[in-house]
Protein chains: 2
Amino acid sequence: MYLLYFHCINIQNYSNALLPYIPFFYVIWSDDLLSASEIDVVKTAIGEDDSLSNLDKEQLCSWLNKNHPPKNEEIKNWQQLITNSGAKLVESETYPLEAFSRKVSDFYFESHRVNENLRTIELNLGIQPNHYNHLFHVEVIHQAYSNQYSGSAIDAILNAPHLTIINQFREFLKNLIFKWDIHRDKELARKLVLKQVQLLASDGWGALAYPNAYGGKQDIESYASIFEHLMFVDGSLAIKFGVQFGLFGGSIQNLGSTYHHDNYLKDTGETKLLGCFAMTETGHGSNVRGIKTTATYIHETRSLVIHTPGKSDNKEYIGNALDSKMASVFTQLIVKGKNKGVHAVLVPLRNEKHETFKGITIEDNGYKLGLNGVDNGKIWFNQVKVPVENLLDKYGQIDRNGNYQSEIENPNKRFFTMLGTLVGGRICVAKGALAGAKIALTISIKHALKRRQFNDSIKVQEDLLMDYPTHQLRLIPKVASSYVYHAVLQRAMHDYANSTEDKRKIETQVAGLKSIITWFATDTIQECREACGGKGYLLENRIADLKNDTDIFTTFEGDNTVLLQLAAKGVLSDFKSELNSGGFVSVLKLIGGRFADKLATINPAYSNKVDKAHLYNPKFHLHALDFRFRRLTDSAAMRIRNYIKKGIPSYQAFLKTQTHLLELGRGYSEVLAMKWYYEFVSSQEEGPYKSLLYKIGALHGLSIIRKDATWYLEQGYLGSTKSKAIRQRVERLSTELRPHINSLVNGYGIPEHLVSAPISN
Amino acid sequence: MYLLYFHCINIQNYSNALLPYIPFFYVIWSDDLLSASEIDVVKTAIGEDDSLSNLDKEQLCSWLNKNHPPKNEEIKNWQQLITNSGAKLVESETYPLEAFSRKVSDFYFESHRVNENLRTIELNLGIQPNHYNHLFHVEVIHQAYSNQYSGSAIDAILNAPHLTIINQFREFLKNLIFKWDIHRDKELARKLVLKQVQLLASDGWGALAYPNAYGGKQDIESYASIFEHLMFVDGSLAIKFGVQFGLFGGSIQNLGSTYHHDNYLKDTGETKLLGCFAMTETGHGSNVRGIKTTATYIHETRSLVIHTPGKSDNKEYIGNALDSKMASVFTQLIVKGKNKGVHAVLVPLRNEKHETFKGITIEDNGYKLGLNGVDNGKIWFNQVKVPVENLLDKYGQIDRNGNYQSEIENPNKRFFTMLGTLVGGRICVAKGALAGAKIALTISIKHALKRRQFNDSIKVQEDLLMDYPTHQLRLIPKVASSYVYHAVLQRAMHDYANSTEDKRKIETQVAGLKSIITWFATDTIQECREACGGKGYLLENRIADLKNDTDIFTTFEGDNTVLLQLAAKGVLSDFKSELNSGGFVSVLKLIGGRFADKLATINPAYSNKVDKAHLYNPKFHLHALDFRFRRLTDSAAMRIRNYIKKGIPSYQAFLKTQTHLLELGRGYSEVLAMKWYYEFVSSQEEGPYKSLLYKIGALHGLSIIRKDATWYLEQGYLGSTKSKAIRQRVERLSTELRPHINSLVNGYGIPEHLVSAPISN
């Protein structure tokens, strides 16, 4: 018997000390992805292994020559040698390949010696059991995932410094009223959501961002995390909550004066006063400045008359419209016959009996794709009179004599200062979309860690879905991106909370980030639905609702296509143009000549550098994304300038470069996100979690670069070898993160009782 | 006054004859997209214009030198000259730019002469009013769209030769029962859908594909078009219809013998017998061969015992499960203790009172993301006895002595022959998905032809959404692809209907086409939702339901990811491997050495050829897509062979190339689609419609090539100049098709009363 095993292997060629290296070399050569820095790792480990003779070392190093790889026959011999050992592969070992290697070599020459050098190789090359468990014809003791990293430790890193309040809130969410269920009837759903909002208010969560005097803690950063958690419960709840406390309450807080705060803020936080935020009009979705509703000042009665002039000038899609007693209405303020621009006015809608006041018409928007627990409606005003005190007058007042005055003389600047107060809402929308992606990823990954699919080999158990490379590639890079965007939005909210009056830069940043992150969420949830097959299509498994609820996030609080153009214009004017402004001319003045410095030509050695150390280096990701951003800026400015020089009207010049501007807006947002993420990671303590976060960053960075590889290749920034290497590294990193994927989704910190999908449990 | 106009223009430089060329040259130089073949067009027209002096001709030709373009000052002069003329631009003219040019020159020197040479330029360059209507500071008489092409003429081209029966069916659909409405409650929706199906049956539409003896016309091609039209009505209706007549009835027709036809087919077609198709199991979504339900033959009683062995071996997601009296159940047939492989058995589920028979348990699947008018359910069988005659025994019988026999000895071949009969269903799924995309495109485009967005200039009316380049780019290439895929599916159904017993090739083709077309539909409907903004989110506007209903099409009748791998395996084995087969070894035998012939290296002159004549040439599109297909085949085969040579188990070799195989499946499908489309176009009569179809093909082809430009650049097939030129041509072709976009969506032939979305009317 013993002889039979060995009939075709020459193990006499391998020394006792060299044998444990054989499984490593077999794994390494099954792939062709050894880069110079990885060869260095292996060579160094071999050099430091005192048990190896010089001859062994020479032999091993000769197998590391990419130009002269080991012969196929040699590799086949290794395979046979491993198979014949009958060693078991136990995935739950701390160093599974090193432990397996020991068992293989012990079969031939007992020694039971732990080889630290092999552990170094295993760690540094990131070799994972799922790389090689099918390579050997041996028994495998499977482990669905590794517990090397703890989900709650990751959660603590991601959610510091608000973890205490977040954990308090997670406890609060255990109240059974927040248990997820299927709701098909909008009236019943709305009733429930209203009750939930009231309960949240009664416990003080609604007022969190308000000043202490009005029941709050002036903590908008924690408020945003609370909002995120409400998405885990239900999309409609999050949106209704956001409308009541963030939009309606926020408009009082940010656009009103002490009078309004004293009269309304506390009641709003407690839901004694329900309100809505009436900005969008049917005829003017994205063009706030062009709204038609008027507020005409009548000096005799010291009142404002609110009026909807035309049939399609009604307020549209107003959340909370059916429950509200009051609306914060955006109007063109007319004083002494002159239009003073857009101002918000508080308009009572209904009396105590919930009957609408005279002149006010409210209609239900009816059923929507999702968010049917939110009562969206249309509102028309027919000469509705309110006292002048109802003008939210922080940025513009009407004095005793009926004269308009404002500290901000420039009406453009005034308009954009007011709109700047909406930035917090946009960050919340992005956070909400991302929360939807997180829970969908959690459900589909937990499912893929349980569900087995067919497998050709009869002797082996069917594979877990998560072990298919295609499945890893569709889900794991998205988990990586979700980490990046999470850190980025925490940073954005922090910057916003601490920003000065002039919010134009953060507004540009958020316009871009909201776009890329909400689109990311739409893509991700779609991918999760498909990754769960037919099970993902059942409402009981949550993904369907997440898809439908978050779908509108790419449109509301600013349509993504419009926002990306705004971001681009912000960039082109160095954040000096007023966002949302139609005035291009001021922008054009600024771009003349500013981008004269040519970008350095890319060195061919750089554009074909494929070493792992380089490809995983944050500097490379940032350099590539920044190169793209700067070149897109440069070329957009040049194109526009050339059009203008030919006498082409500026509006047409912008139309002609519109698709270019969208790319610029996207490029700007991607480099910003990468930069903020790496700043977040570099501020962490040294240790395994920091390394993990860097690896996540690398996967995100390479995925994003890969997405635009066409452009990078066209520009000569990437050579074809490097472009292919990036694709391979994206697949490889997905595989490396595969064992930790369970910890990574646990790291989101979604309370277990909220991940209620049957397929994930 | 007159003098003032001319203060800065030297019109004395331009002759009377040359003047009408000025607006053309202004438009031409506002873009930089003049290729050699376009310059030729202009030069030829100039050469043939006898009104021009030789000096004029020289002057004009000097303005066609791309290396020495006219100076900016010259171009500005042209602009001024045009503006000063005060000419009106009337978009509804047959040749709007030529007519405009005439008005401009008539202002300076009256002649009123029609210039045929300019008309030639306008036509051949495809210059459209929306290219240039913003370029001039002149009054524009807008036209939302052109009527150059007739929608019904296009419809006739697309739907020949089934137009008569289709038009009959369109008339039938005017019955008010088919009027679209919002349905939230699944019970009510199911009741309505059942009624609709019964009505269709009563008028003979259900039996269309059955033999005449059983009430049909044996016309599966028209049946598929009917199915498509039902999607225009409602997704649930189409699916329920397909389950009853296509899957249940189809299994009787294709897997049963005369006995079954005589007993069940007529009743099925008339919905006297409602049935379902029970193949999928909870534990075995994509692995039909691994299903666990058994049908054990008991010779004593000449019966089959149907049994569900384990908890998760139940039939899952069975459409029509709650209404059915009978199921066509896929089982492992056990005869004399031996497993004879998968066979279908007719199993009665319920009695006349609709009570389930003993041993049968049926559960509702509950609410789904969409298709809630379809009663999907789970079915368990507990030792359910049926007579042996219920075995659908076309491909395998149990004789009087209780022996199993089959004409197809090889059990693999038998299995795949049976599955081959499902191909028709897969084509219908793809047609249904495409129908969803068509109606979503129709709604969003009709909306974009009405809806105006903000515009910087006060004097000009706000632009139509459809006039934004970003909007054109997001919708028009998708319309082009919808045309291509329509023609392709018509062809697939024709080939399938006329195929012989061995359906392996068409099965491979359809596996791939179903995948790319259902994914195309998902992307397209998502794009349409976003393109309609918040309006697209309202149920009343239909897109929401279309999104939800078609979302599962990427999963059912074969998960796309699995299907693409099947297609790849079909390719690698030259269609000799049995599809769905896990057995890779037979495939591997075939690929050894077959792809030895190296693909020709690409000539650098070719990889940077950017001339319009080349880029619009079908030969280029086919060459590029075929190159990609062949290279992916070649490299996949090589990689797998190399792994095997190293001793890596074949299952692992396939796992390691899984993402590669997906690309191969996609590449195979794309070139097939392009090929079939151009075959369809070339068979058309010469004339403007044929040219239009070629232009549509070019837009689709270039879009598809653009999507994989990273790969083409990596391979050196595209140079960076050509890659950029392709992007520009995609934008340009979208703009050229913009005026005809209304005719193109009308060309789908969707009955007007079914396009019931308020935003599109």
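Bear in mind these aren't lab numbers, they're just calculated from the coordinates by the rules spelled out. Because the structure is a prediction, the values reported are computed rather than measured. Every residue, glycine among them, receives a Cβ derived from its backbone with ideal geometry; neighbour counts consider all protein chains shown.
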In nm, one decimal, shortest first: how far is the label point of A:LEU188 (7 Å from Cα along Cα to beta carbon) from the matching points in the other copies? 1.3
So, by mean Cβ neighbours within 10 angstrom, what's the order for B:48-56, B:132-140, A:731-739 with the highest one leading? A:731-739, B:132-140, B:48-56
Have a look at the stretch B:629-761 and give its Rg and Dmax from the Cα atoms, expressed in angstrom. 20.5, 65
What average number of partner chain Cβ atoms lie no more than 10 Å from the Cβ of the residues making up B:362-372? 4
Distance between Cα centroids, the stretch B:110-125 to the stretch A:23-48: provide it in whole Å. 70
Where does the stretch A:435-567 land on the Kirkwood hydrodynamic radius, alpha-carbon pairs, in angstrom? 16.5
Between the Cα axis of helix B:560-572 and the main Cα principal axis of chain B, the angle (0 to 90°, nearest 10) is 90
So if I place +1 on the C-beta of Lys and Arg and -1 on the C-beta of Asp and Glu, and nothing else carries charge, what would the dipole magnitude of the protein assembly as shown be about its Cα centre? I want it in debye, nearest 20. 100
Per-residue [θ]222 nm for the protein assembly as shown (sum of -39500 (n - 2.57) over DSSP H runs n ≥ 4, rounded to 500): -15500 deg cm²/dmol
Measuring label to label, 7 Å along Cα→Cβ, what does A:LYS645 give against each other copy in nm, shortest first? 5.6
Pull up the DSSP beta bridges for the protein assembly as shown and report the antiparallel fraction as a percent, rounded to 5. 80
Can you report the principal axis dimensions of the stretch A:153-269 using only the alpha carbons, biggest first, rounded to whole angstrom? 42, 41, 19
Net charge within 15 Å of A:LEU538 by Cβ-Cβ distance, Lys/Arg positive one each and Asp/Glu negative one each, not counting A:LEU538 itself? -1
Once amide H atoms are built 1.01 Å from N in the peptide plane, which residues 5 or more positions from A:GLY206, or in another chain, come under 5 Å H to H? A:ALA201
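Quick one: divide the alpha-carbon radius of gyration of the stretch A:277-418 by 2.2 N^0.38 Å and tell me what you get. All intermediate terms of the calculation are to be shown ahead of the outcome.
Values: Rg = 15.1 Å, N = 142, 2.2 N^0.38 = 14.5 Å.
So the Cα radius of gyration is 1.05 times the expected 2.2 N^0.38 Å.
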Amide H within-cut-off set for B:LYS368, under 5 Å, with H built and near neighbours excluded: A:LEU539
Residues A:LYS272 and A:GLU752, FRET efficiency given R0 of 30 Å [Cβ-Cβ distance, rounded to 0.05]: 0.30
Once label points are set 7 Å from the Cα along Cα→Cβ at both A:LYS311 and A:LEU188, what is their separation, rounded to one decimal in nm? 3.8
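Need the full-extension length gain, B:LYS707 to B:SER62, defined as separation in residues times 0.36 nm minus the C-alpha distance. One decimal, nm.
On the way: separation 645, 0.36 × 645 = 232.20 nm, distance 3.73 nm.
Working it through step by step, the gained length comes to 228.5 nm.
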Could you state the principal axis extents of the C-alpha atoms in the stretch A:19-166, from the largest down, to the nearest angstrom? 61, 33, 28
Compute the Cα gyration tensor for the stretch A:423-754, then decide on rounded, prolate or oblate, letting a ≥ b ≥ c be the square roots of its eigenvalues: rounded whenever a/c is under 1.5, prolate when a/b is larger than b/c in the other cases, and oblate in all that remain. prolate
In order through the stretch A:169-174: 3J(HN,Hα) via Karplus (6.51 cos²θ - 1.76 cosθ + 1.60), integer Hz, x for Gly, Pro: 5, 4, 4, 4, 5, 6
List the residues whose amide H sits under 5 Å from the amide H of A:VAL329, counting only those 5 or more places along or on another chain, with H placed 1.01 Å from N in the peptide plane. A:ALA278, A:VAL345, A:LEU346, A:VAL347
Inter-probe distance in nm under a simple model that places probes 7 Å from Cα toward Cβ, at A:GLU300 and B:GLU93: 5.5
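Would you please name the GluC sites (Glu not before Pro) within the stretch A:257-319 that are DSSP coil residues with at most 16 other C-beta atoms within 10 Å of their C-beta? Write out the running numbers ahead of the final one.
Details: sites: A:GLU270, A:GLU281, A:GLU300, A:GLU316; in loops: A:GLU270, A:GLU300.
For GluC sites (Glu not before Pro) across the stretch A:257-319 that sit outside H, G, I, E and B with at most 16 neighbouring Cβ atoms in 10 Å, the list reads A:GLU270, A:GLU300.
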Relative to the other copies, what are the label-point distances for B:LYS619, with labels 7 Å from Cα along the C-beta vector, expressed in nm at one decimal and sorted shortest first? 5.1
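With all distinct Cα pairs included, what does the Kirkwood hydrodynamic radius of the stretch A:223-333 come out to in Å, to one decimal, could you say?
Working: mean 1/r = 0.0659 Å⁻¹.
15.2 Å is the Kirkwood radius here.
Output the peptides A:195-203, B:217-225, A:625-633 sorted from most to least packed, where packing is the average of other Cβ atoms within 10 Å over each peptide's residues.
Values: A:195-203: 17.9, B:217-225: 21.3, A:625-633: 19.6.
Taking the mean over residues of other Cβ atoms within 10 Å, the ranking is B:217-225, A:625-633, A:195-203.
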Note down the nm distance, to one decimal, between modelled labels 7 Å out along Cα→Cβ at B:THR164 and at A:ASP181. 5.8
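Between B:SER150 and A:LYS358, what is the FRET efficiency for a Förster distance of 51 Å, r being their Cβ-Cβ separation, to the nearest 0.05? If you can, show how the numbers build up before the last one.
Working: r = 52 Å, r/R0 = 1.03.
The value I calculate is 0.45.
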Inter-part distance where the stretch A:273-310 and the stretch A:334-360 are each reduced to a Cα centre, Å: 7
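Give me A:SER723, A:SER499 sorted ascending by neighbouring Cβ count inside 10 Å, so fewest comes first. The partial results should precede the final answer.
On the way: A:SER723 23, A:SER499 15.
Ordered by Cβ neighbours within 10 Å, fewest first: A:SER499, A:SER723.
With N denoting the number of residues in the protein assembly as shown, provide Rg(C-alpha) divided by 2.2 N^0.38 Å, to two decimal places.
On the way: Rg = 34.2 Å, N = 1522, 2.2 N^0.38 = 35.6 Å.
With N residues counted in the protein assembly as shown, Rg over 2.2 N^0.38 Å equals 0.96.
Averaged across orientations, what area in nm² does the convex hull of the alpha carbons in the stretch A:350-459 project?
Working: hull surface 56.9 nm².
Directional mean of the projected Cα hull area for the stretch A:350-459 stands at 14.2 nm².
Would you please report the Å³ per residue occupied by the convex hull of the alpha carbon atoms in chain B?
Working: hull volume 129.7 nm³, N = 761.
Considering the Cα atoms of chain B, their hull volume per residue is 170 Å³.
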